[in-house]
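Below: the structure, in structure tokens.
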Amino acid sequence: MLRSATHTEDAEYTFGSHRATRRPVSHYVLALGALFAAALAAIPLVYLLVRVSAANPTVVSELVARGRTLELLFNTVGLVVSVAAASLVIGVTIAWLVTRSDLAGRRAWLVISSLPLAIPSYVAAFGWVATTPLRGFWGAWLVLTVCNIPLVTLPTVAALRQSNSGAEDVARTLGKSRIAAFMAATWPQVRPAALAGTLLVSLYVLSDFGAVALMRFDAFTWAIHTAYSSLFDRTLAATLSVLLAVLGIALVYAERRARGAHTRFGSTVTTRTPVVPTPLGRGAILAHTGLASIAVLSLGVPLATLVRYLGLRVEGAIAVTAADLAADLGATVMLAGAGAAIALTLSFPIGLFAARVGGALARLAESVSYLGLALPGIVVGLALVFFSLAVVPALYQTGLMLAFAYGILFLPKALGAVRSSIEQVEPGLEDVGRTLGETQWGVWRRVTARIAWPGIGAGALLVALTAMKELPATLLLRPTGTDTLATSLWRLTEASAYSAAAPYAVLLIVAATIPTLLLTREAMAHTAPRKGARL
Amino acid sequence: MSDVLLREIVAGYEGSEDVLSGITMTIPHGDLAAILGPSGSGKSTLLRVIAGLVRPRAGAVMLGGRAVSGPRVHVPTEKRRIGLVPQDAALFPHLSVRANVAFGLPRTERNSARVAQMLDLVDMSDFADRSPGELSGGQRHRVALARALAPDPDVVLLDEPFSALDASLRTEIRAHVRRVLRYAGATAILVTHDQDEALSIADQVAVVNNGRLMQVGTPAELYTEPASRWVAQFVGGAIVLAGRWNGKAVECPLGTVPARVHGTETPAKGAAVDVVLRPEQMALHPRGKRAPTGVTALVRDVEYFGHDCLVTLDLPGHPEPVQSRVLGNQQWARDSEVVVTVTSEGIAFT
């Protein structure tokens with residue numbers, strides 16, 4: 001073990017001023033990568049601002065101040081608030097019923113009430129439009145509410161399971177009624193989760209394009225689409241997009257705050273007493289009826305429409321061949337796969353940087369990546385149209401640009417998977433790897449990446465499946481002559497060719513079912529009794 | 001030679017105060033040294049400094065005559081030729097036992113006899129193709145040791161390696177690890193908060209508290225010649241009684257206790273001193289005519305361990321209870337009165 005070449009070897013070690021704050025070179029490289037990825041994710045917002053500031057300021061301020069804009073604002077905000085309020089009330093009620101009551105078939109009801117997540121809002125809207133005369137505000141409200149209730153139900157169920165029911169029992173013994181005890185003792189423990197879910201609902205409603213457009217409801221997203229594709233007024237479209245982006249960023253900020261409060265709260269609950277289900281008595285009939293009605297509205301109507309139109313052959317109508325379907329499916333899978341690859345590539349440096357180095361720069365990079373959640377698809381799509389036309393015309397209306405849009409839109413999902421998977425790898429393993437003679441990069445490659453891989457792979461699959469359903473950005477950015485499942489469904493529904501649209505709806509529901517089942521399984525996993533098995 | 005030299009190590013984490021404030025020690029080649037300290041004393045940080053996972057703010061680390069940390073040098077962890085056995089073993093969960101042991105070997109040697117030889121050394125040859133999840137706690141530690149030793153490191157660092165194990169398993173694994181380290185001829189540094197572990201396994205023990213070195217010595221030196229009251233109490237659980245020096249002995253609540261003075265300075269007659277005794281230096285006798293002269297105390301509590309038992313006593317004139325360790329064949333009833341005598345000399349601290 002004698003080392004004769006000590007002096008020459010020393011030459012390759014880092015020399016320099018001796019300060020405790022020195023970081024290894026790999027951290028700088030990682031920081032650069034993370035900031036570069038964040039810069040790419042910021043392109044849509046930055047370019048939108050560039051586009052608006054380049055326009056005539058008087059025109060822009062007139063556009064912002066005119067009555068039509070206020071009307072759109074009123075419509076969108078009204079829809080967001082009313083859907084969010086309804087989802088909150090119904091979602092929390094369902095969550096309570098399936099966790100705290102003695103309702104028969106609670107597990108089955110939980111699965112049934114999460115299934116609407118598998119029906120994209122525009123597919124549900126297609127179901128209603130094709131069979132009922134329902135349109136306008138109430139149409140959009142109904143479709144978006146029944147589709148989004150699970151976003152409140154699932155986190156609330158998880159929080160209720162974690163919450164301490166003992167406090168509620170104490171409140172009852174102190175003379176509170178059942179509802180008063182729930183509000184005083186349990187609701188404060190569940191509120192952060194329910195509110196985070198509600199804010200997510202608000203965000204989805206704000207950025208929803210398909211359902212409001214099919215319901216002919218005058219919301220921001222539809223107006224932006226019309227301004228760009230029918231009126232060819234790009235300044236108007238860009239101005240409206242900026243306003244919508246501001247609303248989205250505000251909502252994401254609120255959602256992050258609520259979620260942070262949630263995690264802090266969850267960790268303080270230490271003791272858990274077994275929950276004695278609350279007997280519903282005659283109320284059980286009411287509960288079954290209510291749950292069944294929601295299931296009919298959210299699942300029954302769209303699925304019945306699909307079944308009806310799949311069997312229907314209308315003479316002289318637009319027909320869809322298996323070849324058309326296969327071509328669109330192929331394009332969809334290719335584009336969504338490329339989008340997932342881009343999202344993963346962007347999220348890797350940010351996730352590794354945030355999980356292993358941290359600090360203000362990491363938080364900045366992470367915050368920027370959440371723009372994908374805050375910016376509605378139509379805004380990202382439009383911004384990238386402007387960007388590609390002005391900066392990289394060669395990429396305008398190419399599959400690459402569309403995949404890039406998917407990458408940005410679904411970066412938060414990919415980042416979540418990458419970060420949590422990396423955080424599961426104990427840093428102690430990396431230390432051991434280093435002492436065994438492996439470099440920092442080598443350890444990341446041979447240890448961290450290998451262990452984190454399954455979680456990251458599942459995240460990538462989730463991104464790809466979500467990207468397959470994307471509609472507004474795809475409509476703006478898709479290469480000429482290329483259709484995805486979503487755009488074909490949209491085109492055929494607009495043309496009232498419902499039986500031709502039905503097969504597309506089926507494929508989209510299949511694509512969306514997989515992530516829904518994964519999510520539900522996660523929520524169900526907590527119900528399983530914990531075995532005392534220890535290694 | 002793979003001596004480990006630490007000179008005036010000052011270290012801390014980003015945005016925090018110094019965790020280590022000037023630690024100097026030498027660990028000779030082939031020795032097993034234990035760094036013993038209560039939690040938060042900085043002992044794990046010292047290990048991370050030696051491993052190169054934490055860069056010291058000042059001071060130097062020399063491994064085998066080579067400066068690896070110093071004012072102008074920082075050799076990265078992977079080039080230090082060290083092995084690390086962490087508290088939780090930290091086996092790579094995605095690799096088999098065999099691949100874990102082969103991890104640190106050059107690509108060409110990963111299929112060589114070296115891996116089999118290491119597995120044989122720790123008696124884990126039959127488990128080569130298992131995954132770490134299928135192993136028991138003790139088996140994981142043996143694999144972690146084989147993995148650390150496989151690349152033939154100059155120094156092996158063990159970070160509280162036995163604390164996650166059951167008490168019964170701990171003694172067995174401890175003896176095994178010591179045998180393997182002897183056989184491999186590696187210099188080893190073990191970090192622990194368990195004084196029994198440090199005293200039983202190490203050639204040399206360094207006691208650390210609040211980021212400072214309190215004492216270095218062989219286990220016997222540490223126990224019989226503690227450098228301070230704190231070391232005496234931390235290592236071996238000493239009793240400290242306040243009293244007065246009479247020239248040869250200390251007048252204290254246990255009567256006149258013969259003692260030698262710690263250090264070179266002899267206190268004046270009648271000066272206030274503390275006398276330090278070990279629990280096994282006190283003998284208990286039943287009250288009665290045949291009882292020797294001693295102080296009468298009240299038995300407050302008895303903890304029985306089989307081979308010995310720990311008797312907690314209330315002494316007249318001493319505010320805190322003291323503990324006496326007697327053989328297990330003696331039976332003492334709670335709330336009974338006993339006569340306490342001191343069997344050998346104590347140490348007087350001025």
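Read the figures in this text as sums done on the coordinates, not as results from a lab. If you're wondering where the values come from, they're calculated on a predicted model, not measured in any experiment. Cβ atoms come from the backbone with ideal geometry, glycine included; neighbour counts cover every protein chain shown.
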Review point. What residues have an amide H closer than 5 Å to that of B:Asn209, excluding those fewer than 5 places away on the same chain, when H is modeled at 1.01 Å from N in the peptide plane?
Key: B:Met214
Check your understanding: Can you run phi through the Karplus equation (6.51, -1.76, 1.60; θ = phi - 60°) for region A:214-224 and list ³J(HN,Hα) in whole Hz, with x for Gly and Pro?
Key -> 5, 7, 6, 9, 6, 9, 3, 4, 5, 5, 5
Study note, to complete from the structure: For B:Val19, other-chain or 5+-apart residues with amide H closer than 5 Å (H placed, Pro excluded) are B:Ala11, B:Gly12, B:Tyr13
Practice item. Starting at the first residue of region A:119-124, write each ³J(HN,Hα) from the Karplus equation 6.51 cos²θ - 1.76 cosθ + 1.60 with θ = phi - 60°, in whole Hz, x for Gly and Pro. Key: 10, x, 4, 6, 6, 4
Revision key, fill the gap. Other residues with Cβ under 14 Å from the Cβ of A:Phe74 give, with Lys and Arg +1 and Asp and Glu -1, a net charge of 0
Practice item. Between beta-carbons, use under 14 Å as the cut-off and find the net charge around B:Gly317, counting Lys and Arg +1, Asp and Glu -1. Key: -2
Revision key, fill the gap. In whole Hz, the Karplus estimates of ³J(HN,Hα) for region A:361-369 (6.51, -1.76, 1.60; θ = phi - 60°; x where Gly or Pro) are 5, 4, 5, 4, 4, 5, 4, 4, 5
Point to revise | Distant-in-sequence amide H partners of B:Val85 (H built 1.01 Å from N, under 5 Å) | key: B:Leu157, B:Leu158, B:Asp159
Check your understanding: Where does chain A land at 222 nm, in deg cm²/dmol rounded to the nearest 500, when only DSSP H runs of n ≥ 4 count, each adding -39500 (n - 2.57), divided by all residues?
Key -> -24000 deg cm²/dmol
Check your understanding: Pick from B:Gly83, B:Gly133, B:Gly64: which residue has the top mean-square fluctuation in a GNM of chain B where Cα pairs under 10 Å get a spring?
Key -> B:Gly133
Study note, to complete from the structure: Mean other chain Cβ within 10 Å across B:62-73 is 3
Check your understanding: What is the magnitude of the charge dipole of region B:238-349 about its Cα centre, with +1 placed on the Cβ of each Lys and Arg, -1 on the Cβ of each Asp and Glu, and no other charges, expressed in debye to the nearest 20?
Key -> 400 debye
Check your understanding: Local charge sum around B:Val339 (other residues, Cβ-Cβ under 15 Å, Lys/Arg +1, Asp/Glu -1)?
Key -> +1
**Study point:** Unit charges on C-beta of K, R, D, E only; dipole of the protein assembly as shown, Debye
**Key:** 1060 debye
Check your understanding: Along the charge dipole of the protein assembly as shown, Cβ charges K/R +1 and D/E -1, which of A:Leu462, A:Leu151, B:Ala198 sits furthest on the positive end?
Key -> A:Leu151
Review point. For peptide A:420-431, how many partner chain Cβ atoms fall within 10 Å of a residue's Cβ, on average?
Key: 3
Point to revise | Farthest positive-ward along the protein assembly as shown dipole, Cα basis, beta-carbon charges - from B:Leu145, A:Gly358, B:Met124 | key: A:Gly358
Review point. Scanning chain B for helices, which whole DSSP H stretches are 15 Å or more long along the axis (Cα) and average 0.0 or more by Kyte-Doolittle?
Key: none
Check your understanding: Between rounded, prolate and oblate, where does chain A land on the alpha carbon gyration tensor, with a ≥ b ≥ c its root eigenvalues, rounded for a/c under 1.5, else prolate if a/b exceeds b/c?
Key -> oblate
Review point. Which one of A:Leu117, A:Leu70, A:Thr305 is farthest out on the positive end of the charge dipole of chain A, using unit charges on Cβ (Lys, Arg +1; Asp, Glu -1) and the Cα centre as origin?
Key: A:Leu117
Point to revise | For residues of B:98-107, the mean tally of beta carbons on other chains within 10 Å | key: 2
Exercise for review: Express as a percent, rounded to the nearest 5, the fraction of DSSP beta bridges in the protein assembly as shown (both residues included) that run antiparallel.
Suggested key: 70 percent
